[in-house]
Amino acid sequence: MSTQANPGSVKMYGVKLVNKNSGTSLDITPQIKNIGIFESMYDPTTYCEILMEDGIDLWRNFPIQGEETIKISFKTPGVEDITIYNMSVFKMSDKYDLPNSRTSIYTLECVSTETITAIQKGKINICSEEPVERIVPQILKSLKSEKLIFIEKTKGIVPVTIPNLYSFQAISFLKERAVSADVPQSSFMFFENQHGFNFRTIESLIKSQRFDIGSREFTYDNSNVSPDKNTRTHSFRNIIALNKINLANSIRNVGRGAYKNIVESFDMITKSTDKKELDFVKDASQFISSDKMASPLNSQSFFANFVSTNEKPTTFFSVKDSSLKSNLLPDAIGGKVAFSSLFGSVELDILVYGDSDLTVGETLNINTKNVKGTTERNTDEAKISGVYLITHLRHVISPGPGQALHYVAMKIRKMGYSV
């Protein structure tokens, strides 16, 4: 990214509101006080809130009925491509009128257009014996979406009957049953980001990006001794605020079966039961960490003692059909549960200056060492430095009336401290 004189500046290309019935369109940027665009790896589509300061009775004259489309276009100076969000307005909320004024304050709530299409389409019924990687694109294409679809290759065939679910509910049902062809834990997620729809495992996202950070390098310095701190505070890649949400929770991990669990599978054909045990001490090498220098939070002696004394580990139950040799889900459940719990063992909230390229499902690197020129000694925060995966993100944009400002708030996660 090229240098820029004003961190947080953003170029707005307009916020275009369109009435789908009449075709009437209007750039409502002058009426906007604040825009919040939300992405999450745990939600299928994006969401947006637009705080309006309406002095032209737009809500009455346009009118706003909760069935409009909206196109938000913006770009950080120095970034090559314009970021565009196409969404549907579904609600106007929190409206109040300023005293002695014609101005109204209210919020427009918006979602990705596919959310509305899925509801209009109604519930679907699917009976299939195809690989999950083929079923998911079929569902998305039925929504007539023009967005790119990124599907991770799956293996095995799980007979699927989806009775009377909405499209995104059906995909959520499938992601719990999918087995990855490339990574052992198969922690599938389904989410939308700037690039399109993603049906990917957390492991594959980490594996494909942990050595390809690009410009997503950020610095956090909590020392108060730097002579040029004011200068560095205005550095584009400085972390403005950092909050440690979760750094260690061994009780939670124990309860979820992260260190040791058993999956019992009942075969409907042979009427027999199989057991598959996960032991973290033995299987740790299978777990992919975002940070190649990260180590598990707990010591090896803790793991060994826990595994040796825990006679009744967390147990999960599954049903299988031995006539279907490609039903591989029972073998993946234990690792999937363990990885999903351990993945968030280090979780941070950070606030940075705006970058229109940032999106969920990508990695970034945080350096929490003292900035060169102050001291060569690491701060106490050094152990949380390293490569993280962006799991939640919110673009916060204030269009004006002066210079537009842009910040990004993110929730980021990784497995283990840096060593």
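None of the figures in this text is laboratory data; all of them are computed from the coordinates on show. Small disclaimer: the values here were computed from a predicted structure and weren't measured. FYI the Cβ positions are ideal-geometry reconstructions off the backbone, even for glycines, and counts take in every protein chain you see.
Treating the angle as unsigned and between 0 and 90°, give the value, to the nearest 10°, between the Cα long axis of helix 329-342 and the longest Cα principal axis of the chain.
Taking the Cα atoms of the chain, the angle to 329-342 is about 50 degrees.
Go through Gly36, Asn6, Trp59 and say which Cα lies farthest out towards the positive end of the charge dipole of segment 1-152; charges sit on Cβ, +1 for Lys and Arg, -1 for Asp and Glu.
The one lying farthest along the dipole's positive direction is Trp59.
Quick one: pull the percentage of alpha-carbon pairs in the chain with a separation above 35 Å. Can you show the working numbers first?
Working: 34217 of 87571 pairs.
The proportion of pairs with Cα distances above 35 Å equals 39 percent.
When the chain is treated as a GNM, springs tying every alpha-carbon pair under 10 Å, which of Tyr106, Tyr259, Tyr96 comes out with the largest mean-square fluctuation?
Result: Tyr96 has the largest fluctuation of those listed.
Report, to the nearest 10°, how far helix 300-309 tilts away from the longest principal axis of the Cα atoms in the chain, using its own Cα long axis and a range of 0 to 90°.
Tilt of helix 300-309: around 50 degrees.
So in the chain, which Cys have no other cysteine's beta-carbon sitting under 4.7 angstrom from theirs?
That list is Cys127.
Which one of Thr103, Thr117, Thr69 has the biggest mean-square fluctuation once the chain is modelled by GNM with Cα springs under 10 Å?
The residue that fluctuates most here is Thr103.
I'd like the orientation of helix 132-141 relative to the chain: the angle between its Cα long axis and the longest Cα principal axis, in ° from 0 to 90, rounded to 10.
The two axes meet at around 20 degrees.
Per the helix-only calculation at 222 nm, which mean residue ellipticity applies to the chain, given -39500 (n - 2.57) for every DSSP H run of n ≥ 4 and division by its residues, nearest 500 deg cm²/dmol?
Numbers: 10 runs with 80 residues, N = 419.
Value at 222 nm, helices only, nearest 500: -5000 deg cm²/dmol.
Out of Asp182, Asp54, Asp97, any idea which swings most in a Gaussian network model of the chain, alpha carbons joined below 10 Å?
Asp97
Within the set Lys75/Lys153; Lys20/Lys153; Lys147/Lys207; Lys11/Lys244, which residue pairs have Cα atoms separated by over 30 Å? Walk me through the intermediate numbers first.
Values: Lys75/Lys153 33 Å; Lys20/Lys153 38 Å; Lys147/Lys207 24 Å; Lys11/Lys244 32 Å.
Over 30 Å Cα-Cα: Lys75/Lys153; Lys20/Lys153; Lys11/Lys244.
What FRET efficiency do you get for Lys71 and Gln120 if R0 is 22 Å and r is their Cβ-Cβ distance, rounded to the nearest 0.05? Please report the intermediate quantities before stating the final value.
Working: r = 20 Å, r/R0 = 0.90.
Efficiency, rounded to the nearest 0.05: 0.65.
Under the Kirkwood approximation for Rh and a Cα-based Rg, what ratio Rg/Rh is obtained for segment 5-54?
Numbers: Rg = 14.0 Å, Rh = 13.3 Å.
We get a ratio of 1.05 for segment 5-54.
Please give the charge dipole size of the chain, origin at the Cα centre, charges +1 on K and R Cβ atoms and -1 on D and E Cβ atoms. Round to the nearest 20 debye. Show your work: numbers first, answer last.
Details: 48 positive and 46 negative charges, 76 e Å.
Charge dipole of the chain: 360 debye, to the nearest 20.
Place +1 on the Cβ of every Lys and Arg and -1 on the Cβ of every Asp and Glu in the chain, take the dipole about the Cα centre, and give the residue among Ala170, Thr314, Ile251 whose Cα lies farthest towards its positive end.
So the residue we want is Thr314.
What chymotrypsin sites (Phe, Trp or Tyr not before Pro) does segment 140-215 have in DSSP loop regions with at most 13 other beta carbons within 10 Å?
Working: sites: Phe150, Tyr166, Phe168, Phe173, Phe188, Phe190, Phe191, Phe197, Phe199, Phe211; in loops: Tyr166, Phe211.
Qualifying residues, ordered by number: Phe211.
Any idea what the dipole of segment 114-230 comes to, in debye rounded to 20, about its Cα centre with Lys/Arg Cβ at +1 and Asp/Glu Cβ at -1? Before the final figure, lay out each step's value.
On the way: 15 positive and 14 negative charges, 76 e Å.
With only Lys, Arg, Asp and Glu charged at Cβ, the dipole is about 360 debye.
Within the set of other residues whose C-beta is less than 12 Å from the C-beta of Leu342, count the net charge using Lys and Arg as +1 and Asp and Glu as -1.
On the way: positive: Arg252, Arg256, Lys336, Arg413, Lys414; negative: Glu203, Asp283, Glu347.
Neighbour charge sum, excluding Leu342 itself: +2.
For Phe173 and Lys153, FRET efficiency with R0 = 22 Å and r from the beta-carbon atoms, rounded to 0.05? Display every interim value, and only then the final one.
On the way: r = 19 Å, r/R0 = 0.88.
The computed FRET efficiency comes out at 0.70.
Based on the inverse mean of 1/r over its pairs of different Cα atoms, what is the Kirkwood hydrodynamic radius of segment 1-121, in Å? Walk me through the numbers before you get to the answer.
Working: mean 1/r = 0.0640 Å⁻¹.
When all Cα pairs of segment 1-121 are included, the Kirkwood radius is 15.6 Å.
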